[in-house]
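Data first, discussion second: the structure below is written as structure tokens.
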Amino acid sequence: MARRKSAIAEPASPLSSRSRPRAIRRWARSGSSGPWVRSAASRVGSAKRSPAGSVIRADDTRDAMCGRMTQQRPTSELAEIFDAEDRIDAPGGRFNLAPTDDAAVVVQREDHRAITAYRWGLIPHWSDTPKTGNRMFNARAETLDRNPAFRYAFSKRRCLVPADAYYEWKRAGNVRQPYAIVRPDGRPIALAGLWAGWKDEDTGEVIRSFTIVTAGANEMMAPIHDRMPVMIPEEAWERWLDPTRTAGARLAELKGLLVPSDDGWLEMYPVSRRVNDVRNDDPDLVEPISPDAVAAGGQASTDPPEPAAPGLFDDAFES
């Protein structure tokens, strides 16, 4: 795809109701509790999606978290919000991103930020195969500076992963009900990420990939999961991306950012179990469903009973 660069814009002011994703606007009007929505975009990885087995956990951790999210906004809008150069000009509209998909990330390029697309699931530069990244889609904040897979990326290759929402599942008896987690103000969540470059020595192909950092859950998330993705507040974006923070106290200071978000930052609400199947990717996935639908086990009896790929933090490999 030809790349088209957009002018670097000033940081966006708080979003107007018109610029919020559709589901959030509907939720705000109705007075319901907990919604979120995304904008429309092409599904980069759908044609080459790996089978579900390739993105399931290794034997390390049974309940890792972050494995589904949305990127609804076009990258031109993200460029304004993150004061970055848009290097991919993607239309948005990703409602069911999963590991091995390409997704938009914000990286530091010398004197400016840039929005580009990397594969979700970090492939360490020393790995023999890119398949290693299929299970490396989360990284524990507690061990970033010691884990061989992530310590170099933590010191030199940090990024932000914009998400309009992420999904997590809550078990009730034999049913796992998906929830969307969003910011109530409609702005994107800036998740802490790390990236790496891996080169195929046979073909020369270079794959750039990323992982999402997780920490312990806050009070809101605790009933669903004991971990959650780390959110980087806007006032700390520059520090997190700062390429001069590579060692010593200045790098160690960044670990202070890797904590659960305050409870008031996020809201969650139940959504259709259609999100369980990664082949579904449409705006209806982020629409709130009624308590009656939740009690019935989802929006329709034909919904798939279990996720075909892990939730943002479910049955993934975290180190």
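Table for the structure above
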read-out: Qualifying residues in segment 216-225 (those that are of a type in the set (A, V, I, L, M) and touching a residue at least 24 places away in the same chain (Cβ under 8 Å)) - the one surrounded by the most Cβ atoms within 10 Å (Cβ to Cβ); value: MET221
read-out: Strands (runs of 3 or more DSSP E) completely within segment 78-170 that count 2 or more residues being touching a strand residue (DSSP E or B) at 6+ places or on another chain (Cβ under 6 Å), within 16 Å of TRP195 (Cβ to Cβ) and of a type in the set (D, E, K, R); value: 112-120
read-out: Tabulated pairs, segment 234-251, first under 22 Å from ARG187 (Cβ atoms), second surrounded by 15 or more Cβ atoms within 10 Å (Cβ to Cβ) and charged (D, E, K, R), C-beta under 7 angstrom, 6+ apart or interchain; value: TRP240/ARG158; LEU241/ARG113; LEU241/ARG158
read-out: Looking only at segment 98-113, and only at residues there that are closer than 26 Å to THR132 by Cα and free of Cβ contacts under 8 Å to residues at least 60 places away in the same chain, the one that is surrounded by the most Cβ atoms within 10 Å (Cβ to Cβ); value: ALA104
read-out: When residues of segment 129-163 are limited to those that are within 24 Å of PHE82 (Cβ to Cβ) and among the polar types (S, T, N, Q), the one surrounded by the most Cβ atoms within 10 Å (Cβ to Cβ); value: ASN138
read-out: Conditions (1) touching a Ser or Thr at 6+ places or on another chain (Cβ under 7 Å); (2) surrounded by fewer than 17 Cβ atoms within 10 Å (Cβ to Cβ); number of the one not met by VAL286; value: (2)
read-out: Residue satisfying condition, being among the small types (Gly, Ala, Ser) and modelled with pLDDT under 95, within set ALA192, ALA90, ALA172; value: ALA172
read-out: Segment 192-206 - residue that is in contact with a Phe, Trp or Tyr (Cβ under 8 Å, 6 or more places away or on another chain) and among the hydrophobic types (A, V, I, L, M, F, W, C) and, of those, nearest to GLU267 (Cα to Cα); value: ALA192
read-out: Every residue from segment 164-215 that is in contact (Cβ under 8 Å) with a residue 40 or more places away in the chain, basic (Lys, Arg) and surrounded by fewer than 16 Cβ atoms within 10 Å (Cβ to Cβ); value: LYS199
read-out: Selection count, segment 154-201, where residues are within 20 Å of ARG113 (Cα to Cα), touching a Gly at 6+ places or on another chain (Cβ under 9 Å) and hydrophobic (A, V, I, L, M, F, W, C); value: 4
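The values are calculated or read from the model by the stated rules, or taken from the named source; none is laboratory data. Keep in mind that this is a model prediction, so the values were computed, not measured. In this analysis, Cβ positions are derived from the backbone assuming ideal geometry, glycine residues included, and neighbour counts consider all displayed protein chains.
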